[in-house]
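*Asks:* The structure that follows is given in the form of structure tokens.
The values are calculated or read from the model by the stated rules, or taken from the named source; none is laboratory data. Model, not experiment: these values are computed from the prediction. Please note: Cβ atoms are built from the backbone with ideal geometry, for glycine as well, and neighbour counts cover all protein chains shown.
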Amino acid sequence: MDLQLQSFDGKKAGTITVSDTVFDREYNEPMVHQVVTAYLAGARSGTHAQKTRSEVRGGGRKPFAQKGSGRARAGTIRSPLWRSGGTTFAAKPRDYSQKVNRKVYRTALCVILSELRRKDALIIVDKIDLATPKTKDLLAKTDALGVKNVLIVSENAAGNLDLASRNLYDIAATDVAHVNPVALLRFDKVVISEDSVRKLEESLV
């Protein structure tokens with residue numbers, strides 16, 4: 001399959017032949033949902049913690065006699081029914097990560113990239129270069145490409161590209177090695193370099 005190739009300044013730079021396996025997959029919504037859910041779940045810290053009735057300090061003595069007070073019987077003041085008592089179903093530190101097979105994850109990335117291509121949301125450029133680490137220079141490049149809410153994928157996002165984009169909420173830069181389904185779906189457009197396309201094809205095919 002041949003796709004349009006542009007320069008980082010928005011000018012046409014010929015065509016590029018890409019793999020149908022990566023960029024021409026049929027959309028599979030259940031698979032994409034599974035992978036995105038698993039990715040977001042894996043990002044949860046899971047460090048929340050609450051105390052049960054046995055962990056709350058105090059409450060060792062029976063607060064009042066079993067009978068004769070006219071009140072409901074109580075054995076401890078740290079019951080979940082009491083103020084300052086424990087929590088009935090206390091949250092404990094846990095791991096939220098979900099298992100996703102490597103083949104399913106790679107296929108889902110191919111499905112997402114294919115859908116981006118079909119929606120004309122994927123822009124392939126010959127080279128992503130930024131001479132200075134200035135935000136205004138990066139904005140000039142994205143304006144030339146006609147994109148605003150965009151993810152920029154390069155072979156190496158460190159350096160000028162990272163410095164120029166980290167202060168922008170609607171523009172993000174990432175290495176091809178750190179491409180993930182959530183980032184691909186978050187932005188309206190994805191700008192990717194030719195070298196990054198080749199690396200993706202090597203890792204996903």
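*Asks:* Looking at Arg102, Arg106, Arg117, Arg83 in this structure, which one is out of contact with any Lys or Arg (no Cβ under 9 Å at 6 or more places or on another chain), assigned by TED's automatic domain parsing to the domain that holds Glu194 and either among the small types (Gly, Ala, Ser) or loosely packed, with under 11 Cβ neighbours inside 10 Å (or both)?
*Replies:* Numbers: Arg106 fails: either among the small types (Gly, Ala, Ser) or loosely packed, with under 11 Cβ neighbours inside 10 Å (or both); Arg117 fails: either among the small types (Gly, Ala, Ser) or loosely packed, with under 11 Cβ neighbours inside 10 Å (or both); Arg83 fails: assigned by TED's automatic domain parsing to the domain that holds Glu194.
From the options Arg102, Arg106, Arg117, Arg83, the qualifying one is Arg102.
*Asks:* Can I ask one more? Do we have Arg73 as surrounded by fewer than 17 Cβ atoms within 10 Å (Cβ to Cβ) and either within 16 Å of Pro181 (Cα to Cα) or not small (Gly, Ala, Ser) (or both) here? Show your work before the answer.
*Replies:* Details: surrounded by fewer than 17 Cβ atoms within 10 Å (Cβ to Cβ): yes; either within 16 Å of Pro181 (Cα to Cα) or not small (Gly, Ala, Ser) (or both): yes.
Here the answer is yes, as Arg73 does meet what is asked.
*Asks:* Same structure again: Give the stretch 2-21 a look and list any residue that's of a type outside the set (S, T, N, Q), assigned to a loop (DSSP other than H, G, I, E, B) and surrounded by 14 or more Cβ atoms within 10 Å (Cβ to Cβ), or say none.
*Replies:* Those that are of a type outside the set (S, T, N, Q), assigned to a loop (DSSP other than H, G, I, E, B) and surrounded by 14 or more Cβ atoms within 10 Å (Cβ to Cβ): Phe8, Gly10, Val18.
*Asks:* Name the residues in the stretch 146-160 that are closer than 13 Å to Ser193 by Cα and at pLDDT below 90, would you? Please lay out each step first, then the result.
*Replies:* Just the residues of the stretch 146-160 that are closer than 13 Å to Ser193 by Cα, to begin with: 151-157.
The answer is Ser154, Glu155, Asn156, Ala157.
*Asks:* Report, by residue number, each residue of the stretch 182-205 that is more than 23 Å from Lys141 (Cα to Cα), not in a loop (DSSP other than H, G, I, E, B) and not hydroxyl-bearing (Ser, Thr, Tyr). Steps first, please.
*Replies:* Residues of the stretch 182-205 more than 23 Å from Lys141 (Cα to Cα): 182, 199-205.
So of that shortlist, the ones also not in a loop (DSSP other than H, G, I, E, B) come out as 182, 199-204.
Residues satisfying the conditions are Val182, Lys199, Leu200, Glu201, Glu202, Leu204.
*Asks:* For the stretch 118-136, check the following and say yes or no: at least one residue is within 23 Å of Asn28 (Cα to Cα) and assigned to a helix (DSSP H, G or I).
*Replies:* Checking the stretch 118-136: at least one residue is within 23 Å of Asn28 (Cα to Cα) and assigned to a helix (DSSP H, G or I).
*Asks:* State all residues of the stretch 156-193 that are more than 21 Å from Val32 (Cα to Cα) and crowded, with 17+ Cβ neighbours inside 10 Å; if no residue qualifies, say none.
*Replies:* Answer for the stretch 156-193, where residues must be more than 21 Å from Val32 (Cα to Cα) and crowded, with 17+ Cβ neighbours inside 10 Å: Ala157, Asn160, Leu161, Asp162, Ala164, Ser165, Ile171, Ala172, Ala173, Ser193.
*Asks:* Does Ser54 satisfy the condition of being at pLDDT below 95, of a type in the set (S, T, N, Q), more than 30 Å from Ser196 (Cβ to Cβ) and touching a Gly at 6+ places or on another chain (Cβ under 8 Å)? It would help to see each step written out before you state the result.
*Replies:* Working: at pLDDT below 95: yes; of a type in the set (S, T, N, Q): yes; more than 30 Å from Ser196 (Cβ to Cβ): yes; touching a Gly at 6+ places or on another chain (Cβ under 8 Å): yes.
Yes, satisfied.
*Asks:* Further, regarding this structure: So which residues in the stretch 131-185 are at positive phi and touching a Gly at 6+ places or on another chain (Cβ under 9 Å), if there are any at all?
*Replies:* Step one: filter the stretch 131-185 for residues at positive phi, giving 146, 159.
Result: Gly146, single match.
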